[in-house]
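Notes to accompany the following structure.
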Amino acid sequence: MRKLTALVSGLLFGNGLILSDMVNPARVRAFLDFFGDWDPSLTFVMIGAISVAAVAWLIVGKRETSLLGSELPAKPSTTIDRRLIVGSAAFGFGWGLTGMCTAPGLTTLGLGRWEVLVFFAAMVAGMYLYHRWNDLHLLRRDKLTRT
Amino acid sequence: MNPDWVSALLGGIMIGGGASLFLLANGRIAGVSGAIGNLTKRVWPTTETILFITGFIAAPLVYSQFSPLPEIDATRNIAILIIGGLAVGIGSQLGGGCTAGHGVCGNARFSKRSIIATLMFIGVGAGTVLVLG
């Protein structure tokens with residue numbers, strides 16, 4: 001059952017991205033073009049998505065497990081560190097540059113456009129590079145604390 | 001572009017519905033950067049994660065049964081696609097989330113980190129469009 005709900009979650013999310021045209025990089029960039037020909041679509045998408053998801057958080061907030069008995073997510077961290085700021089800024093830069101990002105990228109892969117494939121391959125490479133760097137970084141820090 | 005706020009709002013409700021189902025049924029935050037990023041950490045994904053990602057990729061197949069798929073307009077500059085992809089990939093892992101994880105799920109639970117991340121996405125994104133066109 002949880003396998004089915006996982007698949008349906010992705011399908012629903014992805015179809016919402018297509019219906020709202022958030023799979024279209026030009027539409028996303030038009031939202032970010034505040035000082036030009038601004039397109040407010042993403043605002044309406046966020047209002048719809050956040051309102052519905054907020055209700056789900058209220059429901060699980062009163063429960064010990066999910067409706068199908070899974071463990072629930074931990075309370076969110078409140079630490080505002082350099083990683084969050086620098087990471088989100090880098091994300092925003094790539095997002096503004098291309099109008100593409102992670103979730104719409106996945107769904108747009110299914111539209112079979114080569115531009116999306118190039119972006120997506122670079123994105124996965126970036127994730128891989130980050131984790132290799134992070135492993136080395138943690139290893140180095142461990143050695144420093146031990147000495 | 002012609003903004004179509006009805007489709008935007010309905011699409012948003014479907015996005016929120018997908019994120020809500022994943023949380024209510026599976027107890028999971030619908031974070032896409034985490035789901036893909038974990039694959040690059042040599043962490044074997046759960047079947048649920050694989051099916052969640054499959055849903056996103058298969059979405060156009062379902063959509064096309066009901067309505068024609070939209071035409072999309074993307075840059076064809078390979079350097080921009082590669083630099084943008086690297087920035088989104090590295091940034092999403094360093095900042096611990098993307099437009100799905102922070103933007104939809106985190107904001108919906110009023111997480112301070114997600115609100116700051118979203119403001120950074122939009123602020124830097126808008127600055128990039130303003131400066132680079």
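The values are calculated or read from the model by the stated rules, or taken from the named source; none is laboratory data. No experiment lies behind these values; they were computed from the predicted model shown. Please note: Cβ atoms are built from the backbone with ideal geometry, for glycine as well, and neighbour counts cover all protein chains shown. Surface accessibility is based on the protein's heavy atoms, side chains included, excluding ligands, DNA and RNA. Shrake-Rupley method; radii C 1.70, N 1.55, O 1.52, S 1.80 Å.
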Scan the stretch A:27-63 for residues that are open to solvent by 50 Å² or more (accessible area, probe 1.4 Å), touching a helix residue (DSSP H, G or I) at 6+ places or on another chain (Cβ under 8 Å) and either more than 7 Å from chain B (Cβ to nearest Cβ) or among the hydrophobic types (A, V, I, L, M, F, W, C) (or both) and jot them down.
-> A:Phe34, A:Phe35, A:Asp37, A:Trp38, A:Thr43, A:Phe44, A:Ile47, A:Val55, A:Ile59
If only one of B:Ala126, B:Ala87, B:Ala108 is under 18 Å from the mean Cα position of the chain (by Cα) and within 30 Å of B:Leu24 (Cβ to Cβ), which one is it?
-> B:Ala108
With the stretch A:1-105 as the region, which helices (runs of 4 or more DSSP H) entirely inside it contain at least 2 residues that are at pLDDT 95 or above and of a type in the set (Phe, Trp, Tyr)?
-> A:41-61, A:82-98
Please work out which one of (1) open to solvent by less than 60 Å² (accessible area, probe 1.4 Å); (2) facing another protein chain (nearest Cβ under 7 Å); (3) over 15 Å from the mean Cα position of the chain (by Cα) is the condition A:Gly69 fails and give its number.
-> (2)
Does any residue in the stretch B:111-133 that is under 29 Å from A:Leu58 (Cα atoms) come within less than 7 Å, Cβ to Cβ, of a residue that is part of a helix (DSSP H, G or I) and open to solvent by 50 Å² or more (accessible area, probe 1.4 Å) six or more places away or on a different chain, and which pairs are these?
-> B:Met120/A:Ile85
Could you list, in sequence order, all residues of the stretch A:100-147 that are within 17 Å of A:Ala26 (Cα to Cα) and hydroxyl-bearing (Ser, Thr, Tyr)?
-> A:Thr102, A:Thr107, A:Thr108
Exactly one of B:Gly91, B:Gly123 is modelled with pLDDT of 95 or more and open to solvent by 20 Å² or more (accessible area, probe 1.4 Å), and that residue is B:Gly123
Looking across the stretch A:118-147 at residues that are over 24 Å from B:Val124 (Cα atoms) and among the aliphatic types (A, V, I, L, M), the single one that is farthest from the chain's Cα centre (by Cα) is A:Leu144
Residue that is most open to solvent (accessible area, probe 1.4 Å), among those in the stretch B:15-31 that are closer than 22 Å to A:Trp95 by Cα and out of contact with any Phe, Trp or Tyr (no Cβ under 7 Å at 6 or more places or on another chain) = B:Ile29
Unique residue being β-branched (Val, Ile, Thr), out of contact with any strand residue (DSSP E or B) (no Cβ under 9 Å at 6 or more places or on another chain), farther than 17 Å from B:Ser7 by Cβ and surrounded by 21 or more Cβ atoms within 10 Å (Cβ to Cβ) when the list is A:Thr98, A:Thr107 | A:Thr98
Does B:Val88 satisfy the condition of being more than 18 Å from A:Leu42 (Cβ to Cβ), without any contact (Cβ under 8 Å) to a residue 60 or more places away in the chain and not hydroxyl-bearing (Ser, Thr, Tyr)?
-> no
Is at least one residue of the stretch B:73-85 in a helix (DSSP H, G or I), touching a Pro at 6+ places or on another chain (Cβ under 7 Å) and open to solvent by 20 Å² or more (accessible area, probe 1.4 Å)?
-> no
Quickly run through the stretch B:1-27 and pick out the residues that are within 16 Å of A:Ala53 (Cβ to Cβ) and more than 7 Å from every other protein chain (Cβ to nearest Cβ).
-> none
The residue that is farthest from the other protein chains (Cβ to nearest Cβ), considering only those in the stretch B:38-66 that are open to solvent by less than 60 Å² (accessible area, probe 1.4 Å) and at pLDDT below 95, is B:Pro45
